[in-house]
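For reference, the structure discussed in these notes is given below.
The values are calculated or read from the model by the stated rules, or taken from the named source; none is laboratory data. Source: prediction; values computed, not measured. Positions of Cβ are backbone-derived with ideal geometry, glycine not excepted, and every protein chain shown enters the neighbour counts.
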Amino acid sequence: MPQVTSLTEGPVARTLVRLTLPMLMAMFAMVGFNIVDTFYVGQLGTEQLAAMGFTLAVVMAVQSISMGIGMGTTAVVSRVIGQGDTHGMQRLIMDAILLGILTALTMSILGLSSIKVVFGLMGADGIVLEYVRDYMTIWFLGLPMIIVPQVGNSGIRATGDTKTPAKIMVTVLTVNAILDPLFIFGWGPVPGFGLQGAAIATVISQAVAFTISFRILRGRGLITFERQTIEGLLASWRRILKISVPAGLTQMITPISTAVITAIVASYGVASVAGFGVASRLEMFAVMVIMALGAALVPFVGQNWGAGNKERVGRAIRVAIGIAAGWGTFVWLLFLVIGQPVAGAFNDNPAVIEVVTGYMLIVFPSYMMLGALVTVTNALNALHLPLRSMFISLLRMFVLYVPLAYLGSALWNLTGVWWAAFTANVLGGLVALWWFRRTFAGLEAVVPANEPSLMSDEGSEIVIDAETEPLPA
């Protein structure tokens, strides 16, 4: 009998915190993975590091697609779990994995056939382009090992378990940290492959994640190997892609808009770009709790909405907005105290420090409302309303931030760009709260279980993990 952790009972705040902490650990592991790769590749030379930099945009685009499929998987699977549909859960997770495999193979073929064209258009040439080709050839060949574990982990999260995917991510980070120097520089009988070694280490470490994730899914009875009809498979894919496509496009909004803002900042010189880069990385850490909380909200909302616990869903969203707002306020006050020393730790150039502290002073106070926006967009995805979530993100970045950044730069230089970010976060958060209040009020009159059940036998039931339910008072 498949075992899942029910999120339909127990204290709301404590349950959200229990889900969020492992998500936070997983995000730290993802950041650490990239830092380890960059550290070792940087020791090879400037050309190799530049080649790694060129790959970032393509890697982020593929990851956005993968994260979109994962979001769709979590949202759809958690809802059928809330409905008590065991067979539907097994079928959807397995079909999501098949969708991940198909997506990975398609992108592998397209990527391998267009490496020189795509990266040549991005400006890579000469030896740098050759390094890019060496790295991306292996990376594209191993793409199924990179995408499929993310989809599998999303299925595990939908069952109320965020700890196991986090442990898998930490394992991947550890394996990659061990294999990177081994394959990049060589040791004993293992030759050094240079930049290619970083790609080899990535694929092998992700293959470990693939193996662990699949064994857990099979061991817990979360997937089925029953023969699936083409019609059934396509029906599952439509349900997942209804959320995955808008969610994946939403993931691409931030890197695209950041590239535009970076171009604006670049007009003020190298020190300004360096300062903006430092500030952006500090921001990534500052809002990581908010992002983890938003991601943890998806399985919670999905299970409870599927079970018809509308009041509990509303309470969870209000609690999450409060926690996110409180964290945003804490981060702002903390960086008022330690902001300048932290900025100086990255670079001792006074011009760089001035840019970083200016950004923190103006933009960081807006994280309270950014937390509300992130909470609402994730809740909308969980409620199978991804287009509304995407619209809010588009509004914040391309209707508010980018146009206001151009205007602010023309009127008040860099300070105007920072105030544009502040305004976009605050107004975007207010719009998200207003729109969600109207949306949720309308949804409360709708029966949540409005999708056909995938259940094939009336005797199926989900067994709740007795070790974690009910939660302690």
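Things to note:
- Among the residues here, R312 qualifies as assigned to a helix (DSSP H, G or I), within 22 Å of T74 (Cα to Cα) and not hydrophobic (A, V, I, L, M, F, W, C).
- Single residue of G339, G358, G344 found to be without any contact (Cβ under 8 Å) to a residue 12 or more places away in the chain, assigned to a helix (DSSP H, G or I) and more than 30 Å from F440 (Cβ to Cβ): G344
- Taken together, the residues in segment 244-281 that are more than 25 Å from M390 (Cα to Cα) and either in contact with a helix residue (DSSP H, G or I) (Cβ under 7 Å, 6 or more places away or on another chain) or part of a helix (DSSP H, G or I) (or both) amount to 13.
- Residues in segment 74-87 that are part of a helix (DSSP H, G or I) and out of contact with any Pro (no Cβ under 9 Å at 6 or more places or on another chain): V76, V80, H87.
- Per this entry, G84 is not counted among residues that are crowded, with 20+ Cβ neighbours inside 10 Å, closer than 22 Å to S236 by Cα, in the same structural domain as L195 (by TED's automatic domain parsing) and modelled with pLDDT of 85 or more.
- Pairs are defined by a Cβ separation below 6 Å, a sequence spacing of at least 6 or placement on different chains, a first member in segment 133-160 that is of a type in the set (S, T, N, Q), and a second member that is in a helix (DSSP H, G or I); the pairs so defined are Q150/S66; Q150/G70; N153/P165; N153/S213; S154/G70; S154/T73; S154/T74.
- Whenever a residue of segment 304-332 is buried (at least 19 other Cβ atoms within 10 Å of the Cβ), its partners that are of a type in the set (D, E, K, R), lying with C-beta atoms within less than 7 angstrom and at least six residues away or across chains, give the pairs N304/R312; W305/R79; G306/R79.
- Within segment 199-227, restricting attention to residues that are part of a loop (DSSP other than H, G, I, E, B) and farther than 16 Å from T73 by Cβ, the residue that is nearest to the chain's Cα centre (by Cα) is G221.
- Of all residues in segment 1-46, those that are among the aromatic types (F, W, Y) and outside the structural domain of M60 (by TED's automatic domain parsing) total 0.
- Residues of segment 284-303 that turn out to be under 21 Å from S154 (Cβ atoms) and either small (G, A, S) or crowded, with 24+ Cβ neighbours inside 10 Å (or both), as a count: 13
- Restricting attention to segment 368-392, the residues that are farther than 15 Å from L433 by Cβ and part of a helix (DSSP H, G or I) add up to 5.
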